[in-house]
Amino acid sequence: MSAKDEFLEAFSLSVKRPGSDRLLSWLKKTDFFTAPASTRFHGDHEGGLCEHSLNVYHRLQGEISSVGLEISDESIAICGLLHDICKANFYKVSQRNVKNEKTGKWEKQPFYQVEDQFPYGHGEKSVFLIERFMHLRTEEAVAIRWHMGGFDESVKGGSYAISGAFEKYPLALLLHAADLKATYLDEKKAAEREKA
(Lines give C-alpha, C1' and ligand atoms only; values in the text may rest on other atoms or scores of the structure.)
Protein backbone atom coordinates (compact mmCIF):
# COMPACT_ATOMS: atom_id res chain seq x y z
CA MET A 1 0.00 0.00 0.00
CA SER A 2 1.35 3.44 -0.88
CA ALA A 3 1.88 6.07 1.82
CA LYS A 4 -0.95 8.13 0.34
CA ASP A 5 -3.36 5.18 0.43
CA GLU A 6 -2.33 4.35 4.01
CA PHE A 7 -2.86 7.98 5.06
CA LEU A 8 -6.29 8.16 3.41
CA GLU A 9 -7.36 4.87 4.99
CA ALA A 10 -6.18 5.84 8.48
CA PHE A 11 -7.83 9.25 8.23
CA SER A 12 -11.12 7.95 6.82
CA LEU A 13 -11.43 5.15 9.39
CA SER A 14 -10.69 7.33 12.41
CA VAL A 15 -11.84 10.87 11.67
CA LYS A 16 -15.63 11.27 11.47
CA ARG A 17 -15.91 14.86 12.66
CA PRO A 18 -18.13 17.25 10.67
CA GLY A 19 -16.04 18.94 7.98
CA SER A 20 -13.40 16.20 7.84
CA ASP A 21 -14.56 15.23 4.35
CA ARG A 22 -14.11 18.82 3.12
CA LEU A 23 -10.66 18.99 4.73
CA LEU A 24 -9.62 15.76 3.02
CA SER A 25 -11.00 16.99 -0.31
CA TRP A 26 -8.95 20.19 0.01
CA LEU A 27 -5.85 18.25 1.04
CA LYS A 28 -6.09 16.10 -2.10
CA LYS A 29 -5.99 19.28 -4.21
CA THR A 30 -2.69 20.37 -2.63
CA ASP A 31 0.77 18.86 -2.99
CA PHE A 32 0.58 17.30 0.50
CA PHE A 33 1.02 13.73 -0.78
CA THR A 34 3.98 14.53 -3.05
CA ALA A 35 5.73 17.27 -1.05
CA PRO A 36 8.90 16.69 0.96
CA ALA A 37 8.88 16.94 4.76
CA SER A 38 11.83 19.36 4.64
CA THR A 39 14.35 20.81 2.21
CA ARG A 40 17.44 19.09 3.63
CA PHE A 41 16.73 17.31 6.88
CA HIS A 42 14.21 14.48 7.28
CA GLY A 43 12.04 13.32 4.42
CA ASP A 44 13.66 15.65 1.90
CA HIS A 45 12.26 13.70 -1.03
CA GLU A 46 9.04 13.46 -2.98
CA GLY A 47 6.31 12.08 -0.73
CA GLY A 48 8.36 12.68 2.43
CA LEU A 49 5.66 14.80 4.07
CA CYS A 50 3.02 12.09 3.83
CA GLU A 51 5.51 9.46 5.03
CA HIS A 52 6.52 11.65 7.97
CA SER A 53 2.89 12.25 8.92
CA LEU A 54 2.27 8.51 8.99
CA ASN A 55 5.41 7.91 11.05
CA VAL A 56 4.31 10.49 13.60
CA TYR A 57 0.80 8.99 13.69
CA HIS A 58 2.18 5.51 14.42
CA ARG A 59 4.63 6.83 17.00
CA LEU A 60 1.85 8.82 18.68
CA GLN A 61 -0.25 5.66 18.99
CA GLY A 62 2.67 4.00 20.78
CA GLU A 63 3.41 7.01 23.01
CA ILE A 64 -0.20 7.19 24.20
CA SER A 65 -0.42 3.43 24.72
CA SER A 66 2.81 3.40 26.73
CA VAL A 67 1.52 5.91 29.29
CA GLY A 68 -2.03 4.55 29.40
CA LEU A 69 -3.87 7.77 28.54
CA GLU A 70 -7.48 7.72 27.38
CA ILE A 71 -7.23 9.60 24.08
CA SER A 72 -9.59 8.79 21.22
CA ASP A 73 -8.41 7.24 17.96
CA GLU A 74 -9.88 10.30 16.24
CA SER A 75 -7.71 12.72 18.22
CA ILE A 76 -4.63 10.57 17.61
CA ALA A 77 -5.31 10.53 13.86
CA ILE A 78 -5.99 14.27 13.69
CA CYS A 79 -2.84 15.20 15.60
CA GLY A 80 -0.52 12.63 14.08
CA LEU A 81 -1.65 12.89 10.48
CA LEU A 82 -2.33 16.64 10.30
CA HIS A 83 0.30 18.25 12.54
CA ASP A 84 2.34 19.35 9.49
CA ILE A 85 -0.54 20.27 7.19
CA CYS A 86 1.09 23.72 7.15
CA LYS A 87 3.63 22.29 4.69
CA ALA A 88 1.04 21.72 1.95
CA ASN A 89 1.84 24.10 -0.92
CA PHE A 90 4.92 25.23 1.04
CA TYR A 91 7.78 23.97 -1.14
CA LYS A 92 8.66 24.45 -4.79
CA VAL A 93 11.09 22.60 -7.01
CA SER A 94 13.95 24.68 -8.39
CA GLN A 95 17.10 23.88 -10.34
CA ARG A 96 20.74 24.40 -9.38
CA ASN A 97 24.07 23.55 -10.97
CA VAL A 98 25.94 20.68 -9.33
CA LYS A 99 29.34 19.43 -10.43
CA ASN A 100 29.37 15.76 -11.39
CA GLU A 101 32.41 14.35 -9.56
CA LYS A 102 32.86 11.56 -12.12
CA THR A 103 32.70 13.63 -15.30
CA GLY A 104 33.75 17.04 -13.95
CA LYS A 105 30.82 18.62 -15.77
CA TRP A 106 28.20 20.89 -14.27
CA GLU A 107 24.67 19.48 -14.40
CA LYS A 108 21.29 20.94 -13.48
CA GLN A 109 19.68 19.11 -10.59
CA PRO A 110 16.33 19.73 -8.94
CA PHE A 111 16.08 20.74 -5.30
CA TYR A 112 13.32 21.84 -2.95
CA GLN A 113 13.11 25.34 -1.54
CA VAL A 114 10.59 27.04 0.72
CA GLU A 115 7.99 29.28 -0.89
CA ASP A 116 5.71 30.17 1.99
CA GLN A 117 2.61 31.78 0.50
CA PHE A 118 0.99 32.20 3.91
CA PRO A 119 3.63 33.08 6.55
CA TYR A 120 1.63 32.42 9.69
CA GLY A 121 4.02 30.33 11.76
CA HIS A 122 4.30 26.57 11.85
CA GLY A 123 2.02 24.89 14.39
CA GLU A 124 -0.40 27.80 14.45
CA LYS A 125 -0.70 27.65 10.66
CA SER A 126 -1.61 23.95 10.84
CA VAL A 127 -4.29 24.73 13.44
CA PHE A 128 -5.64 27.58 11.30
CA LEU A 129 -5.82 25.44 8.15
CA ILE A 130 -7.54 22.53 9.89
CA GLU A 131 -10.10 24.80 11.54
CA ARG A 132 -11.10 26.25 8.18
CA PHE A 133 -12.82 22.91 7.66
CA MET A 134 -13.46 21.22 11.00
CA HIS A 135 -13.41 22.08 14.69
CA LEU A 136 -10.46 21.01 16.83
CA ARG A 137 -10.83 20.18 20.51
CA THR A 138 -8.70 22.37 22.75
CA GLU A 139 -6.14 19.66 23.53
CA GLU A 140 -5.79 18.84 19.81
CA ALA A 141 -5.25 22.49 18.87
CA VAL A 142 -2.69 22.95 21.65
CA ALA A 143 -0.86 19.75 20.70
CA ILE A 144 -0.64 20.69 17.03
CA ARG A 145 0.32 24.28 17.88
CA TRP A 146 3.25 23.17 20.05
CA HIS A 147 4.37 19.98 18.26
CA MET A 148 7.72 21.60 17.34
CA GLY A 149 8.69 21.90 21.01
CA GLY A 150 11.91 23.83 21.52
CA PHE A 151 12.35 24.21 17.75
CA ASP A 152 9.32 26.52 17.59
CA GLU A 153 10.26 30.12 16.73
CA SER A 154 8.31 31.60 19.65
CA VAL A 155 10.17 29.33 22.09
CA LYS A 156 13.47 30.41 20.56
CA GLY A 157 12.29 33.98 21.11
CA GLY A 158 11.72 33.38 24.83
CA SER A 159 8.07 32.30 25.13
CA TYR A 160 7.32 30.09 28.14
CA ALA A 161 3.80 29.16 27.00
CA ILE A 162 5.01 25.76 25.82
CA SER A 163 5.67 24.71 29.44
CA GLY A 164 2.05 25.38 30.32
CA ALA A 165 0.88 23.54 27.22
CA PHE A 166 2.92 20.43 28.04
CA GLU A 167 1.89 20.55 31.70
CA LYS A 168 -1.84 20.99 31.07
CA TYR A 169 -2.22 18.85 27.94
CA PRO A 170 -0.20 15.60 27.88
CA LEU A 171 -1.24 15.10 24.24
CA ALA A 172 0.95 18.12 23.34
CA LEU A 173 4.02 16.59 24.95
CA LEU A 174 3.34 13.17 23.43
CA LEU A 175 2.86 14.60 19.93
CA HIS A 176 6.18 16.43 20.23
CA ALA A 177 7.88 13.21 21.41
CA ALA A 178 6.31 11.26 18.53
CA ASP A 179 7.49 13.89 16.04
CA LEU A 180 11.05 13.74 17.39
CA LYS A 181 11.18 9.94 17.39
CA ALA A 182 9.73 9.69 13.89
CA THR A 183 12.25 12.23 12.60
CA TYR A 184 15.42 11.15 14.39
CA LEU A 185 14.85 7.41 14.70
CA ASP A 186 12.45 6.09 12.05
CA GLU A 187 13.32 8.41 9.18
CA LYS A 188 17.05 8.51 9.89
CA LYS A 189 17.16 4.70 9.81
CA ALA A 190 15.16 4.63 6.58
CA ALA A 191 17.52 7.15 4.96
CA GLU A 192 20.57 5.13 6.05
CA ARG A 193 19.04 1.94 4.59
CA GLU A 194 18.48 3.69 1.26
CA LYS A 195 22.11 4.86 1.12
CA ALA A 196 23.45 1.35 1.88
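The values are calculated or read from the model by the stated rules, or taken from the named source; none is laboratory data. Small disclaimer: the values here were computed from a predicted structure and weren't measured. When we count neighbours, we look across all protein chains shown, and the Cβ atoms used for this are built from the backbone with ideal geometry, even at glycine.
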Could you pull out the residue among PHE118, PHE128, PHE90, PHE111 that is farther than 19 Å from GLY149 by Cβ and at pLDDT 95 or above? PHE128
Looking only at the range 120-175, which residues are without any contact (Cβ under 8 Å) to a residue 24 or more places away in the chain, buried (at least 16 other Cβ atoms within 10 Å of the Cβ) and more than 16 Å from CYS86 (Cα to Cα)? VAL155, ILE162, ALA165, PHE166, LEU173
Being surrounded by fewer than 22 Cβ atoms within 10 Å (Cβ to Cβ), under 26 Å from LEU8 (Cβ atoms), touching a residue at least 12 places away in the same chain (Cβ under 8 Å) and aliphatic (A, V, I, L, M) is true for just one of VAL56, VAL67, VAL93. Which residue is that? VAL93
Note on ASP21: of the conditions (1) part of a helix (DSSP H, G or I); (2) in contact (Cβ under 8 Å) with a residue 12 or more places away in the chain, unmet is (2)
Considering only residues that are buried (at least 18 other Cβ atoms within 10 Å of the Cβ) and touching a residue at least 24 places away in the same chain (Cβ under 8 Å), look in the range 1-16 and name the one that is nearest to LEU136 (Cα to Cα). VAL15
By my count, helices (runs of 4 or more DSSP H) wholly in the range 91-196 with at least 2 residues that are under 18 Å from CYS79 (Cβ atoms) are 123-131, 138-145, 161-168, 170-181
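To keep it simple, each residue is scored yes or no on (1) within 19 Å of PHE128 (Cβ to Cβ); (2) touching a strand residue (DSSP E or B) at 6+ places or on another chain (Cβ under 8 Å); (3) not hydroxyl-bearing (Ser, Thr, Tyr).
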position: ALA141; (1), (2), (3): yes, no, yes
position: ARG145; (1), (2), (3): yes, no, yes
position: MET148; (1), (2), (3): yes, no, yes
position: SER154; (1), (2), (3): yes, no, no
position: GLU167; (1), (2), (3): no, no, yes
position: LYS181; (1), (2), (3): no, no, yes
position: TYR184; (1), (2), (3): no, no, no
I need the full set of residues from the range 136-165 which are under 18 Å from ALA37 (Cα atoms), modelled with pLDDT under 95 and among the aliphatic types (A, V, I, L, M), in order please. MET148
In the range 98-139, what count of residues is obtained for those that are touching a Phe, Trp or Tyr at 6+ places or on another chain (Cβ under 9 Å) and closer than 28 Å to GLY19 by Cα? 15
Does ASN100 satisfy being over 21 Å from GLU139 (Cα atoms) and within 17 Å of the chain's Cα centre (by Cα)? no
Any idea which residue in the range 24-51 is nearest to MET134 (Cα to Cα), counting only those that are in a helix (DSSP H, G or I) and of a type in the set (A, V, I, L, M, F, W, C)? LEU24
